[in-house]
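A short write-up of the structure that comes next.
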Amino acid sequence: MHNNETKDRFVELRSFGWSYGDIANELKIAKSTAIDWGRKFDKHINNLRALELEAMQQRLLGSREERFKGLVARLRRFEHELDLRNTNFFRNRELIRLIVETQHQIDRLLIDPKFVEETVAAEADPTQPPTNPTTP
């Protein structure tokens, strides 16, 4: 039987995107065991992936609030520019396209990461990895 430390490491590696084969080689377990654990710990792995994705986005793109503020400021500049121009639509088509595109970017920012509920029974089961493992 495999200890909880090995299972925790499996969950961690899988959440980082490692293949079952690479994990099996690293942990010296059968590939079939890795696949079974992948099914068993699927929700936990997906939640860790969502957390890592959210953290990576914040590191690279700034916080959701910072991005939102930047897009809203850009939208206001575009709208102000449109207000200053002649109302001839054909001369303003590109600016209107930028406004619509910026509005779509703002709409996409409003979507939060999807987390799934992990069962309480998993926390009580000693064969399950802890619900808050330490990640590097």
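The values are calculated or read from the model by the stated rules, or taken from the named source; none is laboratory data. Here the structure is a predicted model, which is why all the values come from computation and not from measurement. Heads up, the Cβs are rebuilt from the backbone with ideal geometry, glycines too, and the neighbour counts pull from every protein chain shown.
Report whether or not Arg67 is basic (Lys, Arg), more than 25 Å from Glu118 (Cβ to Cβ) and in contact (Cβ under 8 Å) with a residue 40 or more places away in the chain. Yes: the conditions hold for Arg67.
In the set Phe68, Phe41, Phe78, only one residue is assigned by TED's automatic domain parsing to the domain that holds Val11, modelled with pLDDT of 75 or more and out of contact with any Gly (no Cβ under 6 Å at 6 or more places or on another chain); that residue is Phe41. Would you check which residues across region 99-124 are farther than 30 Å from Leu75 by Cβ and at pLDDT below 80 and list them? Result: Val116, Glu118, Thr119, Val120, Ala121, Ala122, Glu123, Ala124.
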